[in-house]
Amino acid sequence: MAADLPTALIGLGANLGDAAQALRAALRDLADCPGCELLGCSGLWNSAPVDAQGPDYCNAVAELRCELAPHELLRELQRVEQRHGRVRPRGVRNAPRTLDLDLLCFGDLRLHTPELSLPHPRMHLRAFVLAPLAELHPRWHLPDGEPIAEALRRLRAEGQQLRRIGPLAP
């Protein structure tokens, strides 16, 4: 695959069933995604739900090199979620889930459509996204220029606690 293709950052999360196993299976699915190459993944992180109810979450971030367009990748992520039993109850935001795959960034692309906003509009508010992302890219800056390490310190000071619980990849 050509090295000049864009890279996509994917947030993985689950809090129903065997969440860690669900993320491992999803990572295998992402590695097999047509037109994509898995470049790396963070470890597994455990966090309490943010703006939601239910059990604690397992979270991770994966990086893909991608031939797909952003909306095509989003549809592929949704197909993976469905294969893993993801249900989206109408009118319920942030419901517990067997698998959640969020397209966080797609290269430097800035996009806002009814289906997709890039970069992800709430990732700067979520320690469970930034901690695994910092594992992959410790010197990364948020789209507003804030260094990821400073953003994590800010979110932890605001009460978002999480802990690394082990590797994601076998």
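Would you pick out the residues in the stretch 120-147 that are hydrophobic (A, V, I, L, M, F, W, C) and either under 17 Å from Asp100 (Cα atoms) or out of contact with any Ser or Thr (no Cβ under 6 Å at 6 or more places or on another chain) (or both)?
Within the stretch 120-147, the first condition is being hydrophobic (A, V, I, L, M, F, W, C), and the residues that meet it are 123, 125, 127-131, 133-134, 136, 140, 142.
Those that are hydrophobic (A, V, I, L, M, F, W, C) and either under 17 Å from Asp100 (Cα atoms) or out of contact with any Ser or Thr (no Cβ under 6 Å at 6 or more places or on another chain) (or both): Met123, Leu125, Ala127, Phe128, Val129, Leu130, Ala131, Leu133, Ala134, Trp140, Leu142.
Would you mind finding the one in Thr113, Thr98 that is at negative phi, of a type in the set (Ser, Thr, Tyr) and within 16 Å of the chain's Cα centre (by Cα)? Working first, answer last.
Working: Thr113 fails: within 16 Å of the chain's Cα centre (by Cα).
Result of the check over Thr113, Thr98: Thr98.
Just to be sure I understand the filter: pairs with C-beta atoms under 8 Å, separated by 6 or more residues or on different chains, first member in the stretch 130-150 and in a helix (DSSP H, G or I), second member surrounded by 18 or more Cβ atoms within 10 Å (Cβ to Cβ) and of a type in the set (Phe, Trp, Tyr). Which pairs pass?
Ala131/Trp45; Pro132/Trp45
Only one of Pro143, Pro147 is surrounded by 14 or more Cβ atoms within 10 Å (Cβ to Cβ) and modelled with pLDDT of 95 or more. Can you tell me which?
Working: Pro143 fails: modelled with pLDDT of 95 or more.
It is Pro147.
The values are calculated or read from the model by the stated rules, or taken from the named source; none is laboratory data. Keep in mind it's a predicted model, so treat the numbers as computed, not measured. Note that each Cβ is placed from the backbone with ideal geometry, even for glycine, and that neighbours are counted across all protein chains shown.
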